[in-house]
1. Hey, can you tell me all the residues within region A:33-68 that are under 25 Å from the mean Cα position of the chain (by Cα) and either away from every other protein chain (no Cβ under 13 Å) or farther than 18 Å from A:Leu209 by Cα (or both)?
2. For B:Ser289, indicate whether it is within 9 Å of chain A (Cβ to nearest Cβ), of a type in the set (Ser, Thr, Tyr) and buried (at least 24 other Cβ atoms within 10 Å of the Cβ).
3. Answer yes or no as to whether A:Leu228 is at the interface with chain B (Cβ under 10 Å from one of its Cβ atoms), under 12 Å from the mean Cα position of the chain (by Cα) and in a helix (DSSP H, G or I).
4. So for region A:94-116 (the condition being within 20 Å of B:Ser289 (Cβ to Cβ) and either crowded, with 24+ Cβ neighbours inside 10 Å or touching a residue at least 60 places away in the same chain (Cβ under 8 Å) (or both)), does at least one residue qualify?
5. What's the total number of residues in region A:109-119 that are out of contact with any Asp or Glu (no Cβ under 8 Å at 6 or more places or on another chain) and either more than 9 Å from chain B (Cβ to nearest Cβ) or not in a helix (DSSP H, G or I) (or both)?
6. Filter region A:139-161 down to the residues that are at the interface with chain B (Cβ under 10 Å from one of its Cβ atoms) and within 13 Å of the chain's Cα centre (by Cα) and list them by number.
7. Within region B:274-294, identify whether any single residue is at pLDDT 85 or above and assigned to a loop (DSSP other than H, G, I, E, B), and answer yes or no.
8. List the helices (runs of 4 or more DSSP H) that sit entirely inside region A:1-102 and contain at least 3 residues that are of a type in the set (S, T, N, Q).
Amino acid sequence: MKRLRELGLLQQGFLVVISISSIYPVWFILQTAMKTNQEYMLRPLNLPQGLRLENIKEVFNSFPVLHWAFNSLLVCIFSVGFCTVIALFASYSIVFGGWKSTRAMLNSNIALMVIPPVTLVIPMFSLMVDLHLMNTLPSVIFFYTGLFLPFSIFLLSNFMKSVPRELIEAAKIDGLSAISTLWRIVVPLSSAAIFTLILVNAIYAWNELLIAMVFLQQQNSRTLMSGLVLFQGRFSTNIPLVMAGALISIIPPLLMYIFGQRFFIKGMLSGIGK
Amino acid sequence: MIESQGSAVTVRGKNRLRNGRYREIWPAVFLLPAIFMLGVVFVFPLISVVKFSFYAGRVGDLAPVGFANYYNLLHDSVFLIAIKNNLKLLITAPVSVALALTISLILYEGVKGWRTYRIIVFIPYIIPGTVVGLSFSYLLQQSGILNTVLNRLHLSKLALDWLGNGALSIYSVGGLLIWSQLGFSVIALTAALLSLPQEVNEAAIVDGASKWQKQRYVIIPQLKNTIQFLFVLQIINALAWVFPYVFTLTRGGPGNSSMVMDLFIWQYGFSLGSVGYASAAAVYLLGLSGIFIYLYSRIRRNQEEL
């Protein structure tokens, strides 16, 4: 009995250590962003002396952070929106389109999921130069939309497989067109998976660095991530300012997670856990 | 019995659809946008990156050089360091899956507050790699937070120069990778655990299996598919998704000791403007990940057979 209790304590202790190391860096960003540079140098571990927002203000004054955040938001909305719609149509066609080669389609889709994006960047760069889309948001939106598709099709078609075929057949007999079957029957049934997909892709789009850095090089065309890397050079001696920038950039994904957390885990269950 | 019924239904359904396919064009129309996007974003670049790899010079001023880029890369000490580092990062796959499995098994026992732990452990996965790299670059500095804490705990021997020491820097990158990906594996594993049939567990207990025996012989084998999936996912991450971490943490330094392939490709392609050279490196990376794509498809096939 005693040994069991000891084991329980050990387990709790282990989980506490893991939790602290999971949260501490986020806490570090938050508390450092509130400190003056001197305060950080002298007492990096201590609590900040109050809720000080000067760093945030200074960050907003030094860089067009609001503009970047708006760019990130537009990139998120459009790439995730396009990708979700295209993937819904494609998955519906793959699962219910009566193709002979459904399996081959899904397998080649999976092969695309493991292709490193960095290998696609150079040809895409020359394409965007040819199309005069460099330093415009559509270049990144287009790239992200395509890049998210394999995973989105994977997740949605996996989910749609569990939609009873009889339902689709019945809709057809009732004279519903393919598009309204998709819209009125399949989409409502897949809403948990769709929601997860939107969250995962939106977080990816918000967080992506390499592509944003390559395609958006003008000050006003940047996204928050590709702008944030400039902080490292500009504020190399003022860490609290860098952390203030970091803080601004993690608030949206954290909020998305906190509010979407339940769906996140549920959708993960349906798409990946099985 | 149930299975054969199910397949009879699908076969009938398929036939009906197949008969109608000559009249119906919607399946093709619905697929078209995806095919177009995948063609432009994947197929076209994959073909042209191979084409570029046989040229040298800047875009618009390219001269064919045959296999010279491929040959030179194999004699480029920085590129070789990059490949070695990516291979070293593969260690993160078993470490992070084992860690995630340990955590998930503890959570599965219904430890007090397990839901809260699960929510917390997932948080790092939400934080952008750029921010992870930035904040850890301060946490891991020689005079950074980690070493300050270690010194205060009288563990000065453990207070190493995590980023400045060339022998250590790539492992620090690996640590970041584990830190930020762990939550995903925990969520996937707990999801898989929660969907296990309870009867088997109960039967094992009735048969008098100890807790360890139950975990080793009953639970873990049932998680095989999820574990394989996560393992391959981690391998892909370690091979080709480290750019934001390395770029902000060490920028490949000190020296080139923490250079990785995606940073190398970016540097030659966009900083130094050697498009052909970068493309050849990209083809090598594709080849390397191709091996794992093959492995993954094998695993998938096994999964579908089960």
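The values are calculated or read from the model by the stated rules, or taken from the named source; none is laboratory data. Computed from a predicted model, the values in this text were never measured in an experiment. Cβ sites come from the backbone with ideal geometry, for glycine too, and all protein chains shown count toward neighbours.
1. Within region A:33-68, A:Ala33, A:Ile56, A:Val59, A:Phe60, A:Phe63, A:Pro64, A:Val65, A:Leu66, A:His67 qualify.
2. no
3. For A:Leu228, the condition - at the interface with chain B (Cβ under 10 Å from one of its Cβ atoms), under 12 Å from the mean Cα position of the chain (by Cα) and in a helix (DSSP H, G or I) - is not met.
4. Looking for residues that are within 20 Å of B:Ser289 (Cβ to Cβ) and either crowded, with 24+ Cβ neighbours inside 10 Å or touching a residue at least 60 places away in the same chain (Cβ under 8 Å) (or both), one finds none in region A:94-116, hence no.
5. 3
6. Of everything in region A:139-161, those that are at the interface with chain B (Cβ under 10 Å from one of its Cβ atoms) and within 13 Å of the chain's Cα centre (by Cα) turn out to be A:Tyr144, A:Thr145, A:Leu147, A:Phe148, A:Ser152.
7. Yes: one or more hits.
8. Where helices (runs of 4 or more DSSP H) fall fully within region A:1-102 and carry at least 3 residues being of a type in the set (S, T, N, Q), they are A:2-33, A:54-62, A:65-96.
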